[in-house]
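Trainee: Here it is, the structure, as structure tokens.
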Amino acid sequence: MFIIEKSIRECRKCNLCKTALNAVCGEGNIDSSVVFIGEAPGQTEDETGRPFVGRAGKLLESLLNEIGKKREEIWIGNIIKHRPPQNRDPLPEEISLCQPFLKAQLATIDPKLIVTLGRFSMNYFYPAGKITNDHGKLRKVGKYYVYPVYHPAAALRNPTFAKTLKEDFVKIPKVLEFIDKGAK
């Protein structure tokens, strides 16, 4: 994983590295059976070089605690490794240029379950998906099981999304159990 992180920090393939303070490689337990993938670093993440450490990260940690997990037990990252200016949506070319990094990270970790946080990370795995329809529904995408949920930042802005995020999140242990039983 060190080589992948070094490559991320040295990457100059798109213009995001010109405006970002730090690359945000991802962090956590590379032996975790579950990984959480968001869209892109925000301001606090850009300042610290760590994923999900702002308000959305605090909500994520609270949700992890509710399912008996600690942040250090899981791996968490983003599809984009540098912060887009003013937290704008990632552009398709930026997602494409970052794709080899996430692909290599997932190949190294080889998780049982990928929990996508929001529509951009969900669409990374299946582009035709709609977060409003697909949240909380397990999908097999290639060799991975993907479980989309609303992004914690969206939940902070919308009480309905917050309620749905929590409902979907508490199902994660059962989803992992289902996968362990062979996902028939």
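Taken together, the values in this text are just the output of simple stated rules run on the coordinates, not laboratory data. These numbers come from a predicted model, not from an experiment. All Cβ positions, glycine included, derive from the backbone under ideal geometry; neighbour counts span all protein chains shown.
Trainee: For region 17-39, state whether one or more residues are surrounded by 19 or more Cβ atoms within 10 Å (Cβ to Cβ), more than 13 Å from Trp75 (Cα to Cα), touching a Pro at 6+ places or on another chain (Cβ under 6 Å) and small (Gly, Ala, Ser).
Mentor: Within region 17-39, none of the residues are surrounded by 19 or more Cβ atoms within 10 Å (Cβ to Cβ), more than 13 Å from Trp75 (Cα to Cα), touching a Pro at 6+ places or on another chain (Cβ under 6 Å) and small (Gly, Ala, Ser).
Trainee: Report the residue count in region 28-68 for those that are part of a loop (DSSP other than H, G, I, E, B) and either in contact with a His (Cβ under 9 Å, 6 or more places away or on another chain) or more than 19 Å from Gly118 (Cβ to Cβ) (or both). Step through it out loud before you land on a result.
Mentor: The first filter runs over region 28-68 and keeps only residues part of a loop (DSSP other than H, G, I, E, B), leaving 29-33, 39-42, 49-54, 67-68.
From what's left, either in contact with a His (Cβ under 9 Å, 6 or more places away or on another chain) or more than 19 Å from Gly118 (Cβ to Cβ) (or both): 29-33, 39-41, 49, 68.
Residues flagged as part of a loop (DSSP other than H, G, I, E, B) and either in contact with a His (Cβ under 9 Å, 6 or more places away or on another chain) or more than 19 Å from Gly118 (Cβ to Cβ) (or both) within region 28-68 amount to 10.
Trainee: Something else about it: Please find, within region 42-61, the residue that is surrounded by the fewest Cβ atoms within 10 Å (Cβ to Cβ) out of those that are of a type outside the set (Ser, Thr, Tyr) and over 20 Å from Leu165 (Cα atoms).
Mentor: Going through region 42-61, the residues of a type outside the set (Ser, Thr, Tyr) turn out to be 42-43, 45-47, 49-61.
In the following step, the residues that additionally are over 20 Å from Leu165 (Cα atoms) were identified as 43, 45-47, 49-50.
Working: Gln43: 12, Glu45: 24, Asp46: 22, Glu47: 15, Gly49: 16, Arg50: 18.
Selected residue: Gln43.
Trainee: Could you list, ordered by first residue, the pairs with Cβ atoms under 7 Å in which the first is in region 133-157 and basic (Lys, Arg) and the second is part of a loop (DSSP other than H, G, I, E, B) and surrounded by fewer than 20 Cβ atoms within 10 Å (Cβ to Cβ), at least 6 apart or interchain?
Mentor: Here the result reads Arg139/Tyr126, each pair linking region 133-157 to a residue that is part of a loop (DSSP other than H, G, I, E, B) and surrounded by fewer than 20 Cβ atoms within 10 Å (Cβ to Cβ).
Trainee: Considering each residue of region 69-93, count those that are in a strand (DSSP E or B) and either of a type in the set (A, V, I, L, M) or free of Cβ contacts under 8 Å to residues at least 40 places away in the same chain (or both), and give that number. I'd like the intermediate steps shown before the answer.
Mentor: Taking region 69-93 as the starting set, the residues that turn out to be in a strand (DSSP E or B) are 75-78.
Filter again for either of a type in the set (A, V, I, L, M) or free of Cβ contacts under 8 Å to residues at least 40 places away in the same chain (or both), leaving 76.
Of the residues in region 69-93, 1 are in a strand (DSSP E or B) and either of a type in the set (A, V, I, L, M) or free of Cβ contacts under 8 Å to residues at least 40 places away in the same chain (or both).
Trainee: Report, by residue number, each residue of region 132-159 that is touching a Lys or Arg at 6+ places or on another chain (Cβ under 8 Å) and closer than 18 Å to Ala107 by Cα.
Mentor: Across region 132-159, the qualifying residues are Tyr145, Val146, Tyr147.
Trainee: Follow-up question, since we're still on this one. Can you confirm whether Tyr126 is surrounded by fewer than 20 Cβ atoms within 10 Å (Cβ to Cβ), within 17 Å of Gly77 (Cα to Cα) and not basic (Lys, Arg)?
Mentor: Values: surrounded by fewer than 20 Cβ atoms within 10 Å (Cβ to Cβ): yes; within 17 Å of Gly77 (Cα to Cα): no; not basic (Lys, Arg): yes.
Considered against the rule, which asks whether it is surrounded by fewer than 20 Cβ atoms within 10 Å (Cβ to Cβ), within 17 Å of Gly77 (Cα to Cα) and not basic (Lys, Arg), Tyr126 comes out as no.
Trainee: On to the next question. Which residue pairs have Cβ atoms closer than 6 Å, lie 6 or more positions apart in sequence or on different chains, and pair a first residue in region 96-109 that is closer than 17 Å to Glu27 by Cα with a second residue that is loosely packed, with under 15 Cβ neighbours inside 10 Å?
Mentor: Final answer for the pair search is Thr108/Met1; Ile109/Ile30.
Trainee: Then there's this: For region 62-78, give me each residue that is surrounded by 14 or more Cβ atoms within 10 Å (Cβ to Cβ) and among the acidic types (Asp, Glu). Before you say what the answer is, go through the steps one by one.
Mentor: Applying the first criterion (surrounded by 14 or more Cβ atoms within 10 Å (Cβ to Cβ)) to region 62-78 yields 63-64, 67, 69, 71, 73-78.
Result: Glu73, single match.
Trainee: Condition first: of a type in the set (D, E, K, R) and either under 15 Å from Asn78 (Cα atoms) or surrounded by 15 or more Cβ atoms within 10 Å (Cβ to Cβ) (or both). Now tell me which residues in region 1-12 satisfy that.
Mentor: Answer for region 1-12, where residues must be of a type in the set (D, E, K, R) and either under 15 Å from Asn78 (Cα atoms) or surrounded by 15 or more Cβ atoms within 10 Å (Cβ to Cβ) (or both): Glu5, Arg9.
Trainee: Mind listing whichever residues of region 11-33 are without any contact (Cβ under 8 Å) to a residue 60 or more places away in the chain and in contact with a Cys (Cβ under 9 Å, 6 or more places away or on another chain)?
Mentor: Within region 11-33, Ala23 is the sole residue that qualifies.
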